[in-house]
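Derivation of every value follows stated rules applied to the coordinates shown; laboratory data play no part. The model shown is predicted, which means the values in this text are computed figures rather than measured ones. We place every Cβ from the backbone using ideal geometry, glycine too, and count neighbours over all the protein chains shown.
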Amino acid sequence: MLRDRASWAIALFFVFLLAVFWSVTRVVMLPDGHLETYTPHVINGDEPHYLLVVNSILFDHDLELQDDYLRAQWGLDAGGIRLPDHHTILVNRRTGQHGLWFQHRFDPGLEPGTDVYEVSSHPVAFPAMVAALIAPFHPTMDEVQGDASLVMVLVCWLGAIFTYLLSRRLGMGRGAALLATALLAFASPWLAYTRSFFSEPVAGVAALIALWALEVDRPATSALAASAAAFIKPPFAVIGGGFLIDRIEQKRWRDFLVLFSVLSVCGIALIAFNYWLARTPIISGNQAGPWPFGPDTAPDFSRLSDTFLGSRHGLFVWVPWTIFAIFPIGQAFCSPGARPRFIREMSFPMVLQLVVLTGFIGRPGTCYGPRYWVPFLPWMGVAAVETLRKSGWVSRATFAILALVSLAFSIVGALRYPQMFSRSPWYLWPS
């Protein structure tokens, strides 16, 4: 009976969580502290450009965007936001010449014409997924944003569910697993990203499934999920790469071969698709590339401190409880015999992610909080709770304080999401 009651309580928790996630997308807090009802829509940064691709797939039934961006100059096709700049790759279908719109739009051979078309400079996997999920409901262009918002709510909810399942698989009790889930859902930017049109929550769910599958000895499923994260954004190939390193270290050669085979096939398929679409093997935003050997390489290590302590996008600034995850993960990376093993398994992809962020000159751009770390927040919630289980009362008290600060940032930040792009958390409260 106790088990049945606990199961019902957990089920009700996730129903409540779904209601909270949906409600957050329907209300906004104004700077003076008043709440108003809200209709989900794109805000800034890459969001309207993703929406433009969704609309092109749904209504033009193609991936060529030159006509869409022409209409977007007047606020059409992009949620009412004018887009004078194009997040596109220009391609000459006759010669194969290609280049980013920002750097090459005036190049001979890439001027507007019948031989030149434009495709998104962002990977199309995320907008294609959104379009595929809402297409059966035949939305009008005015309804697309609301339907896409519901997709993001369900994606973030699925992320919370897999956080709980992963925690349980790793040996945590119900209470600890619920705590890890609550940290993600209520005390991190995951809550604010329920109302976003960014791809990071989707990559986060893929990362969760990849690690969960690895723990249940399903390397093929893990590789497919890791590949899905890389399809969303190529830098997230660090997930599959990190798992390969772990399997080599453990000398689990069968798992390594399965992981490597599936990752390789998926990688070849992605490269082939990108080349067919844009005459380039990698599509990864508006970087001038080819990173890490091109002009986007950071000249120093300032990005290392910025990604953790920067006021606008720093992980420790926005989610201070993650200190209890990052340092144990870093310690596990330096200790081959670290226990529990799953912390070390997390360490390889996350250290690779840190290397990418340190070596890349660009910042997260116009967005909310530590966007580049959002896909790893579920892992961090699990790692932080595992650390807490073995800590003394001083550490637990410190963790509680940091979690409460994160909770305040998270809830108020989610309510003020439209106003908080590239702002520090100090701007959250009404003036």
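Could you give each residue of segment 319-336 its phi-based ³J(HN,Hα) in whole Hz, using Karplus coefficients 6.51, -1.76, 1.60 with θ = phi - 60°, and x for Gly or Pro?
9, x, 5, 5, 4, 6, 10, 5, 5, x, 5, x, 5, 5, 4, 8, 10, x
Arrange the peptides 120-128, 54-62, 236-244 so that the one whose residues have, on average, the most other Cβ atoms within 10 Å appears first.
So the peptides 120-128, 54-62, 236-244, ranked by packing, come out 236-244, 120-128, 54-62.
With +1 on each Lys and Arg Cβ and -1 on each Asp and Glu Cβ, and nothing else charged, work out how big the dipole of the chain is about its Cα centre, in Debye to the nearest 20.
The calculated dipole for the chain is roughly 1880 debye.
Want the number for residue 74 to residue 339: 0.36 nm per residue separation, take away the alpha-carbon distance, what's left?
89.7 nm
How large is the helix-only mean residue ellipticity at 222 nm for the chain, computed as the sum of -39500 (n - 2.57) over DSSP H runs with n ≥ 4, divided by its residue count, in deg cm²/dmol to the nearest 500?
-18000 deg cm²/dmol
Loop sites only, by DSSP: take the GluC sites (Glu not before Pro) in the chain that have at most 16 other C-beta atoms within 10 Å and name the longest stretch containing none of them.
144-431
What distance in nm separates the two pseudo spin-label positions at residue 297 and residue 7, each 7 Å out from Cα along the beta-carbon direction?
For the pair residue 297/residue 7, the computed spacing is 5.7 nm.
What is the distance in Å between the Cα centres of segment 302-341 and segment 386-420?
15
Taking Cα atoms, how many degrees apart are the long axis of helix 219-232 and the longest axis of the chain, rounded to 10 and kept between 0 and 90?
The helix 219-232 is inclined about 50 degrees to the chain.
Could you compute the net charge surrounding residue 396? Neighbours are other residues with a C-beta less than 12 Å from the C-beta of residue 396; K and R count +1, D and E count -1.
+2
Which distance in Å, rounded to a whole number, links the C-alpha centroids of segment 131-173 and segment 9-57?
12
Which of 275, 117, 417 moves most in a GNM of the chain, Cα contacts under 10 Å?
275
So which residue, out of 387, 194, 37, gets the largest mean-square fluctuation from a GNM of the chain using Cα contacts under 10 Å as springs?
Comparing 387, 194, 37 in a Gaussian network model of the chain, the most mobile one is 37.
About its Cα centre, what dipole magnitude does segment 47-137 give when the only charges are +1 on Lys and Arg Cβ and -1 on Asp and Glu Cβ, stated in debye to the nearest 20?
About 60 debye.
Taking the Cα centre of segment 343-431 as origin and charging only Cβ (+1 Lys, Arg; -1 Asp, Glu), how large is the dipole, in debye to the nearest 20?
I would put it at about 100 debye.
Say we join alpha carbon atoms closer than 10 Å with springs in a Gaussian network model of the chain; which of 149, 395, 284 then has the biggest fluctuation?
Answer for the Gaussian network model of the chain: 395.
Run the numbers on segment 47-137 and let me know its relative contact order in percent, using alpha-carbon pairs under 8 Å that are six or more apart.
Value for segment 47-137: 30 percent.
Would you work out which of 40, 237, 127 lies farthest towards the positive end of the dipole of the chain, given +1 charges on the beta-carbon of Lys and Arg and -1 on that of Asp and Glu, about the Cα centre?
After comparing all options, I get 237.
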